[in-house]
Amino acid sequence: MSNKGRFITFEGIDGAGKTTHLDALEQAWKQAGHEVVRTREPGGTPLAEKLRGLFLHDAMDPLTEALLVFGARRDHIQTVIKPALARGAWVLCDRFTDATFAYQGGGRGFDLQVLGTLEAWVQEGLQPDLTMLFDLPPAVAAERLSAARQPDRFEAQDQAFFERVRGAYLARQQAQPARFELIRADQAQADVAQQIQSALRSRGLL
Ligand code: TYD
């Protein structure tokens, strides 16, 4: 088995159903003998989890929002992601910088060039080896979000916001097609799992 670490990110609008599939992949790769580091953004370190609480619940202007999420990301990269990759772990990250381009860029309309500058400063060339983009219409995603749950600042947005988020995700995928696998997430769970498995097999990852 190769010792090379892998950095795999999972993206999509709220309600896309990433978590179930992330759970299954975490198990499959652990059983295959890999060290798996399952993490998320914003978050993944004690500091970044504190910033996540502010980011999800406190009102702030768009630049503050972008700086806060990249600040959390920097700590996550330096203290968790890079060391894990260096020792050969497979890092599975629930959201990463594509979410910033989608939510802050597409959703909020924040300047994509500024986001690109922050991305370059913070990541110093680090990019996911693979990004699984769970794509589905926002109306379908909204039906999946539990009505009982208290929405955060993003989940509380209207459908037009999520249309913009979806469009910005697809623009990232079209700009960097080799890095992405586009998953049609509006299908039954078993069909989505099948798509994921065949995409990963074709890349030699399963
Ligand atoms: P999410 O990861 O979906 O967690 P949960 O399943 O607990 O709701 O929630 C994180 C929210 O943060 C989600 O609405 C997307 C948003 N977000 C951004 O706006 N920008 C970012 O860069 C990231 C990573 C997340």
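The values are calculated or read from the model by the stated rules, or taken from the named source; none is laboratory data. All values derive from a computational prediction rather than experimental measurement. Every residue, glycine as well, gets a Cβ built from its backbone with ideal geometry; the counts of neighbours run over all protein chains shown. Quick note on the areas: whole protein, heavy atoms, side chains included, nothing else; ligands and nucleic acids left out. Shrake-Rupley method; radii C 1.70, N 1.55, O 1.52, S 1.80 Å.
Odds and ends about this structure:
- Test: residue in the range 131-148 that is in contact with a Phe, Trp or Tyr (Cβ under 9 Å, 6 or more places away or on another chain), β-branched (Val, Ile, Thr) and more than 13 Å from the ligand (Cβ to nearest atom): no
- Residue check for residue 180: within 17 Å of residue 10 (Cβ to Cβ), modelled with pLDDT of 95 or more, more than 16 Å from the ligand (Cβ to nearest atom) and aromatic (Phe, Trp, Tyr): yes
- Cβ-Cβ contacts under 8 Å between residues 6 or more apart (or on different chains), taken from a first residue in the range 94-118 that is among the aromatic types (Phe, Trp, Tyr) to a second residue that is part of a helix (DSSP H, G or I) and near the ligand (Cβ under 9 Å from one of its atoms), are listed as 96/73; 103/165; 110/65; 110/66; 110/104.
- Boolean, residue 160 is in contact (Cβ under 8 Å) with a residue 40 or more places away in the chain, of a type in the set (Gly, Ala, Ser) and open to solvent by less than 60 Å² (accessible area, probe 1.4 Å): no
- Applying the set (1) more than 18 Å from residue 9 (Cβ to Cβ); (2) open to solvent by less than 50 Å² (accessible area, probe 1.4 Å); (3) within 14 Å of the ligand (Cβ to nearest atom) to residue 75 leaves exactly one unmet item: (1).
- For the range 85-127, a residue qualifies if it is buried (at least 23 other Cβ atoms within 10 Å of the Cβ), out of contact with any helix residue (DSSP H, G or I) (no Cβ under 6 Å at 6 or more places or on another chain) and assigned to a helix (DSSP H, G or I), and exactly one does: 99.
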